[in-house]
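Note sheet for the following structure.
Read-outs throughout are calculated quantities, based only on the coordinates presented, and are distinct from any laboratory measurement. Everything numeric here is computed off the predicted structure, so don't read it as measured data. Neighbour counts run over all protein chains shown; Cβ positions are idealised from the backbone, glycine included.
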Amino acid sequence: MSEQDDKILSQRICKSRPETPVDGKLETDELVLARITEGIYRQPASALRELVSNAYDADATEVVILTDAPRFGQITVRDNGRGLSPEVLTDLVKHIGRSPKRSEKGKQLGVTSHTNLNRSEGGRQLIGKLGIGLFSVAQFTRHFLIITKTADDGFRTMADITLGKRDEQQAVMPLEENSGRKYETGHYRIWRERTTDTKAQGTEIKLLDLLPRTRDELASNDVWTKQDYQNDDPEAEKTEPPELHIGRMDKKTGLLTTQPALPWTEVDGPRERFEKLVQKLRSLTTSRESVDLRKACDNYLWSLWTLALSAPVTYLEGHPFDLRNDEEVLFFEIENRLKGQASPVEVPKGKSPRKVLKLKSPDGATAGRFEVFMDGVQLLRPILYLDLPRTENAVKNPLLFIGRQREEFAGKIRELSGGPLEFEAYLFWAPRIVPKQHQGVILRVGNASGGLFDAEFMGYETSELTRKSQVTAEIFVSEGLDDAINLDRESFNYAHPHYQFLTKWLHSAFRQFSNRHKELGKRLRTTQRRREAARTVGKVAAKVQAALKSRGIEDVPEVVLLEPARKAEAAKLRREGKIVLDRDIVIPPSTQARHTELETNRLMLAEQKAIGIAQLLHGMGLLDSLSYAEQEKLIRDILEIVLLEN
């Protein structure tokens with residue numbers, strides 16, 4: 001469609017009224033439609049995520065989602081963003097799969113900053129770019145309504161859109177053969193209505209006639225059907241339903257047959273509801289195992305959680321770069337050089353690493369707040385850093401490894417390198433990551449993500465199963481990577497230079513974390529063993545003193561275990577009233593091939609026991625008749641029996 005045709009259509013929309021709507025056909029390439037309508041998005045939350053991202057790009061400060069749970073008759077997504085002008089709406093319906101964002105056309109339509117094509121008018125780093133976000137609702141329905149209005153416009157625009165099915169001949173043709181073809185994919189009817197509130201702005205999308213499979217998925221129909229089967233078959237393996245759920249609705253009567261099990265009450269506010277959900281899930285975590293969201297929650301709550309995780313909202317417990325020194329977190333900075341080593345970061349007490357390291361993420365905050373509410377629950381990024389369970393690990397304090405880099409790919413053709421890449425990132429270690437689904441790494445572009453956490457850390461193959469399960473990581477990309485994002489926004493082109501660079505950087509960062517964690521653990525275990533050995537030595541000495549005191553002996557003689565090099569001092573020390581023994585004779589030699597911290601502690605305890613035996617024998621007068629050599633042999637024999645192991 002030519003620019004002139006676009007202009008004519010937008011003018012027709014401006015003049016339209018409810019009684020004279022503008023009708024037209026939706027047309028697109030087969031590849032685009034196939035990906036949209038055949039399921040590029042893995043779950044309903046993915047489609048909602050795209051609508052939330054559109055609102056963010058439109059500089060909205062608030063998004064309200066109403067799902068009509070647990071009936072799911074229709075879903076409404078409403079925001080207070082800039083709204084869609086007739087010109088933007090024309091571009092939307094006539095150029096599916098070709099977004100004006102990040103282009104000169106975006107400037108003309110007012111969807112892109114005039115000074116930076118990668119920013120919204122309000123300064124946010126743009127999320128969407130493919131022009132299919134709105135049509136992700138094909139996962140929910142084939143029929144939806146757009147109600148939109150821009151500021152200072154006396155009219156609001158209505159668009160009734162129906163997504164049609166392909167005909168049989170086109171459906172059987174291979175994508176490669178059909179590539180580039182245009183054909184009818186649906187129908188739109190657009191009209192304008194006068195409104196009294198000229199200052200109002202925003203967009204409301206009503207998803208009508210939800211598809212049965214989507215309703216069943218949101219209502220966790222598979223879970224409840226499985227429960228029915230187990231109840232009907234006494235021999236069936238029993239499994240418990242999710243601990244948290246929205247209840248079960250009878251399709252025929254529309255009545256609840258199973259009451260909801262939610263952690264909040266009707267009187268709780270939006271934020272308090274989300275906080276109670278997190279608190280409940282935290283309580284289900286033990287020192288041995290983290291809570292599994294897929295088992296603890298039904299599909300609706302899982303969708304709510306994943307939407308909160310992917311949307312560009314604020315963190316429930318604050319951004320990780322704002323964690324303070326007084327929260328017992330240890331900070332390290334990741335080096336970018338090959339085989340680098342993470343170094344400790346000195347963060348003043350009560351301060352955070354953001355200022356010390358001059359960190360900027362999350363980007364795009366200049367457009368003000370951005371809040372998302374779903375059925376009365378405020379969504380907050382639910383990554384947890386505080387009050388996590390402690391375990392038997394030597395390292396008990398959380399560790400935060402922070403890195404950042406800008407790569408210009410100097411000397412490489414932009415078409416091959418993808419242009420500059422800039423990002424900040426962190427790896428957060430804790431003995432137990434809550435919930436289990438947060439183990440791994442997530443990539444964010446424009447402060448939003450498409451996929452969930454990658455538990456394999458972008459293919460990190462080194463055997464680090466335990467540490468992988470104890471790390472949550474995020475990479476915040478402020479420039480680049482856009483071209484590596486696949487159509488579903490949930491996966492990446494692994495061959496893209498930016499993805500390859502991030503993979504290598506992350507693997508290096510994980511090695512640096514692992515080395516530091518091992519070193520710290522070894523140091524703490526050594527210190528702990530020394531403390532334990534010292535406590536045991538003290539107990540032996542106290543036991544000897546108590547035994548002698550019970551026999552009326554108050555003065556406990558000093559025992560000296562003399563090294564061979566000091567044999568000449570023996571006579572002098574004995575004249576001073578000390579018990580002198582040849583250490584090499586009294587203490588059994590080590591059986592260890594190499595000297596370890598454990599062996600050092602064993603020898604220290606053996607020496608204290610030898611001293612205690614000598615003091616007891618001397619106090620009982622049992623050494624008086626023995627020569628020095630006989631004394632040493634007797635103490636050696638007794639000590640070997642005491643140290644004898646199974």
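With Cβ to Cβ distances under 11 Å as the rule, what net charge do the other residues near residue 460 carry (K, R +1; D, E -1)? Overall, the nearby charge balance is 0. Note on the chain: Kirkwood radius taken over Cα pairs, Stokes-Einstein applied at 10 °C and 1.306 mPa s, translational D equal to 53 µm² s⁻¹.
Look at where the Cα atoms of the range 404-429 and of the range 535-589 average out, and the two centres are 66 Å apart. Ranked for footprinting exposure by Cβ neighbours inside 10 Å, fewest first, 249, 620 give 620, 249. For the range 523-630, the list of trypsin sites (Lys or Arg not before Pro) that fall in a loop by DSSP and count at most 16 other C-beta atoms within 10 angstrom reads 551, 578, 594. Within the straight-line cut-off of under 17 Å between alpha carbons, the aspartates and glutamates reachable from residue 518 are 333, 392, 464, 597, sequence neighbours fewer than 8 places apart in one chain being disregarded. A cut-off of 5 Å between modelled amide H atoms, ignoring neighbours fewer than 5 places along the same chain, links residue 198 with no other residue.
The modelled label-to-label distance for the pair residue 535/residue 338, using points 7 Å beyond Cα in the direction of Cβ, is 4.8 nm. Listed by chain and number, the lysines whose alpha-carbon sits under 23 Å from that of residue 539, ignoring those within fewer than 8 places in the same chain, are 549, 578, 609. Within a straight-line Cα-Cα reach of under 24 Å, residue 522 can be paired with the following lysines, leaving aside sequence neighbours fewer than 8 residues apart in one chain: 339, 396, 468.
Ranked by the mean number of other Cβ atoms within 10 Å of their residues, highest first, the peptides 440-452, 502-514 fall in the order 440-452, 502-514. This ranking places 12, 390 by how few other beta-carbon atoms lie within 10 Å of each, fewest first, which gives 390, 12.
With both labels modelled 7 Å from their Cα along Cα-to-Cβ, the residue 23 to residue 397 distance reads 7.2 nm. The GluC sites (Glu not before Pro) of the range 380-453 that meet both conditions, a loop assignment by DSSP and at most 12 other Cβ atoms within 10 Å of the site Cβ, are 392, 408. When shorter helices are ignored and each DSSP H run of at least 4 residues is given -39500 (n - 2.57), the per-residue value for the chain at 222 nm works out to -10500 deg cm²/dmol. Our estimate of slack between residue 258 and residue 455, defined as 0.36 nm per intervening residue step minus the Cα-Cα distance, is 67.5 nm. Within the range 245-311, the trypsin sites (Lys or Arg not before Pro) that combine a DSSP coil assignment with at most 10 other C-beta atoms in a 10 angstrom radius are 252, 288. Here 23, 91, 483 are placed in order of increasing Cβ neighbour count within 10 Å, fewest first, which gives 23, 483, 91. Remark: spin-label model distance residue 355-residue 628 equals 6.7 nm, labels positioned 7 Å along the Cα→Cβ axis.
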